[in-house]
Amino acid sequence: MIYIKDILRTLTACEALPEVKDLLVSLNFNSCALVSQWIREMVNTLNSLPETKERTAQLSRWQKDINQIPVKPNIALKPNCVSLRDQLSQWIAEEIQYLETRQRLSSVAPSFKASSTVNDEEKLQFSVSVNVLAILIRAAHESKLILNKHGTTVFNTVSKFSSTLQTKNPGAKSMDKKSHDPERSHKAKAINALQQMIRLIQDY
């Protein structure tokens, strides 16, 4: 067990070689930490590309490469969880759809961003930090409390209409990234916030 944990730490602490990544997909090494690390690497690469078309093209190449990797049947690190290939492919598909939708909106309505500015009085004011809020939003989406299909869209909407005591304009990409790499203290604060709400609901 200690050996497996050491392997996990090594794989998630560095950028694996393409051949190693292909093998991990093939063996369905569906570790949550590995998925988060892989997504962080893709986000960093996308952020270095200035044009939407370049990002969409890169995402399409990743999706093609990942979907073409043969997965061995009946093998998984976590048998009851979604496969590594499906998790990565779904995230990429959501990003592609978001970029394509944003591109269409900008071409139809160039002044969309300027006209959609939200006043501070119209925003939801949260007492928790952006890190904690990001965890709560991700959990709400993945538990199907929020039914929007794409996580990227959820974070864009929340960041636009929300602020915290420390941050007036939280960034959608920053929230998404923080939700996939949460610190233990932030997770504890998110759980505490949920427990407070549960106690209140029980008294209603």
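Read-outs throughout are calculated quantities, based only on the coordinates presented, and are distinct from any laboratory measurement. Since the structure is predicted, the reported quantities are computational estimates derived from the model, not experimental observations. A quick note on method: Cβ atoms are made from the backbone with ideal geometry, for glycine too, and the neighbour counts reach across all protein chains shown.
Assign unit charges at the C-beta atoms only (+1 for Lys and Arg, -1 for Asp and Glu), then state the dipole size of the chain relative to its Cα centre in Debye, rounded to the nearest 20.
So the dipole magnitude of the chain works out to roughly 180 debye.
Just the projected area, averaged over all directions, of the convex hull on the alpha carbon atoms of region 118-202: how many nm²?
With every direction weighted equally, the projected area is 5.8 nm².
Counting other C-beta atoms within 10 Å, and keeping those with at most 14, which DSSP coil GluC sites (Glu not before Pro) do you find in region 15-77?
Within region 15-77, the qualifying GluC sites (Glu not before Pro) (loop, at most 14 other Cβ atoms within 10 Å) are Glu15, Glu51.
Which of the three applies to the chain, rounded, prolate or oblate, going by the alpha-carbon gyration tensor with a ≥ b ≥ c and a/c under 1.5 meaning rounded?
oblate
Could you sort out which of Lys64/Lys168; Lys21/Lys144; Lys21/Lys173; Lys72/Lys189 sit more than 32 Å apart by Cα distance in this structure?
Among Lys64/Lys168; Lys21/Lys144; Lys21/Lys173; Lys72/Lys189, the Cα-Cα distance tops 32 Å for Lys64/Lys168; Lys72/Lys189.
Within the chain, which complete DSSP H helices have Cα atoms spanning at least 15 Å along the helix axis and a mean Kyte-Doolittle hydropathy of 0.5 or higher?
Qualifying helices, which must be both long enough and hydrophobic enough, are 2-13, 130-142.
Can you compute the charge dipole magnitude of region 41-102 about its Cα centre, using +1 on each Lys and Arg Cβ and -1 on each Asp and Glu Cβ, nothing else charged? Give it in debye, rounded to the nearest 20.
200
For the charge dipole of the chain, defined by +1 on Lys and Arg C-beta atoms and -1 on Asp and Glu C-beta atoms about the Cα centroid, which residue among Phe29, Tyr98, Ala190 has the Cα displaced farthest towards the positive pole?
Ala190
Of all the stretches in the chain, which is the longest one without any exposed loop site, taking trypsin sites (Lys or Arg not before Pro) in a DSSP loop (any state but H, G, I, E, B) with at most 13 other Cβ atoms within 10 Å?
1-143
Once label points are set 7 Å from the Cα along Cα→Cβ at both Asn192 and Lys53, what is their separation, rounded to one decimal in nm?
Here the answer is 5.1 nm between the modelled labels.
Which aspartates and glutamates have a Cα lying under 17 Å from the Cα of Lys149, excluding residues fewer than 8 positions away in the same chain?
Leaving aside aspartates and glutamates fewer than 8 places away in the same chain, those within reach of Lys149 are Asp86, Glu94, Glu95, Glu100, Asp176.
For the chain, set up a Gaussian network in which alpha carbons nearer than 10 Å are linked by springs, and say which option among Ala188, Ala134, Ala172 fluctuates the most.
Between Ala188, Ala134, Ala172, it is Ala188 that shows the largest mean-square fluctuation.
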